[in-house]
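Here the structure comes first, spelled out in structure tokens, and everything after it is commentary.
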Amino acid sequence: MLLGFNLLLWTTHVTEEHFPLFAEIRKTGYDGVEIPIFEGEPEHYRKIGQVAKDQGLRVTGVTVLPDENCSAISADPCARLNATKRLVWALDCLHAAGGELLCGPFYQPLGQFTGEPATIEERCGIVEVHGKAADYAASLGLKLAVEPLNRFECHALNLVADAAQVVKRVDRPNYGLLYDTFHQNIEEKDPVGVIQPHLAEINHVHVSENDRGTPGKGHVPWEATFRAFKQGGYQGFYVIEAFGRALPALAAATRVWRDFFPAREEVYRFGHDFLREAYAKA
């Protein structure tokens with residue numbers, strides 16, 4: 001089991017003050033860290049990558065599209081071009097960090113809605129932008145994982161089946177989808193049942209409790225979830241993603257208004273031990 005930890009629990013921009021966390025994460029037993037790539041330049045991420053390498057940690061990255069002027073689902077070709085440029089920048093940063101996969105809902109700005117289901121044109125925009133980004137990622141030896149989100153954060157991609165169709169249309173070997181236990185336990189009729197039919201498209205997994213708190217302290221069916229992935233031969237990362245109230249902008253975007261855990265240490269320590277055990281039992 002490849003188990004990683006998403007640093008969004010502490011920050012949206014990793015700096016030197018966060019470097020001691022890498023040793024703590026490695027000491028706990030994790031195989032990798034997932035770095036938020038929301039700002040900065042490649043040279044900054046090169047330093048982050050060196051710290052991760054020194055600790056023996058593999059690196060993945062997560063990014064988003066910032067606003068409506070940078071959106072893959074926009075009818076404006078300039079906005080779609082900006083989305084492509086944004087992904088190229090994020091991939092350059094990840095490559096500098098020695099990373100291997102960039103994930104996230106990088107198709108529309110979070111929290112912006114049309115009041116209607118996703119249109120054919122919006123999905124075509126995603127395929128257009130992500131096809132170009134996947135080609136650039138391939139030139140750097142990187143992978144992309146598009147993340148469907150719940151209906152309260154976006155409208156363009158909510159279901160695994162819809163994201164899988166986008167993956168099939170993009171049709172690049174380094175492009176897949178991210179399965180997130182939090183989002184899918186909101187949106188899917190059968191969160192575990194959707195895994196097996198779409199294993200060919202899933203190339204990254206976020207393990208997040210139903211309330212965004214500590215894995216194992218809620219009601220996500222962990223053993224059944226892991227069993228579906230193990231039986232299907234999934235070999236990629238499982239990355240813990242949890243959010244608290246410490247980062248106001250992120251708390252607002254993810255609708256975090258109360259505490260879900262007594263301390264961050266519980267999330268990464270208990271979460272690590274619980275998930276390793278649940279995976280072994282599955």
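For this structure, a couple of remarks:
- Annotation note: GluC sites (Glu not before Pro) in the stretch 131-191 located in DSSP loop regions with a Cβ neighbour count of at most 14 within 10 Å are absent.
- Extension gain (nm, one decimal) between D190 and A138, 0.36 nm per residue minus Cα-Cα: 15.4 nm
- The GluC sites (Glu not before Pro) found in the stretch 189-235 include none that occupy coil by DSSP while having at most 16 further C-beta atoms within 10 Å.
- Heavy-atom surface analysis with a 1.4 Å probe gives the stretch 1-122 a carbon and sulfur content of 51 percent of its accessible area.
- 10 Å Cβ shell holding at most 15 others, DSSP loop, trypsin sites (Lys or Arg not before Pro): longest site-free stretch of the chain: 1-150
- Loop-located GluC sites (Glu not before Pro) in the stretch 1-77, at most 14 other Cβ atoms within 10 Å (DSSP): E39, E68
- Rounded Å value of the spacing that divides the Cα centres of the stretch 177-231 and the stretch 76-121: 23
- Accessible surface calculations at 1.4 Å, restricted to protein heavy atoms, place the chain at 42 Å² per residue.
- Surface composition of the stretch 136-195: carbon and sulfur make up 51 percent of the accessible area, probe 1.4 Å.
- With a Förster radius of 35 Å applied to the C-beta separation of K53 and A263, the computed FRET efficiency comes to 0.80.
- Ranked by the mean number of other Cβ atoms within 10 Å per residue, highest first, peptides 89-101, 231-243 order as 89-101, 231-243.
- Between amide H atoms placed 1.01 Å from N, distances below 5 Å from I240 occur with G4, F5, N6, V207, all of them 5 or more places distant or on a separate chain.
- Our estimate of slack between F152 and R169, defined as 0.36 nm per intervening residue step minus the Cα-Cα distance, is 3.6 nm.
- Computed from the C-alpha gyration tensor, the three semi-axes of the ellipsoid equivalent to the stretch 31-153 are 27, 14, 12 Å, from longest to shortest.
- A Förster radius of 35 Å combined with the Cβ-Cβ distance from L110 to A224 puts the calculated FRET efficiency at roughly 0.75.
- Each stretch of four or more DSSP H residues adds -39500 (n - 2.57); spread over every residue of the chain, this sum gives -12500 deg cm²/dmol at 222 nm.
The values are calculated or read from the model by the stated rules, or taken from the named source; none is laboratory data. Note that the structure is a prediction, hence the values are computed from the model and not measured. All Cβ positions, glycine included, derive from the backbone under ideal geometry; neighbour counts span all protein chains shown. Note: areas computed on protein heavy atoms with side chains; ligands, DNA, RNA excluded. Shrake-Rupley method; radii C 1.70, N 1.55, O 1.52, S 1.80 Å.
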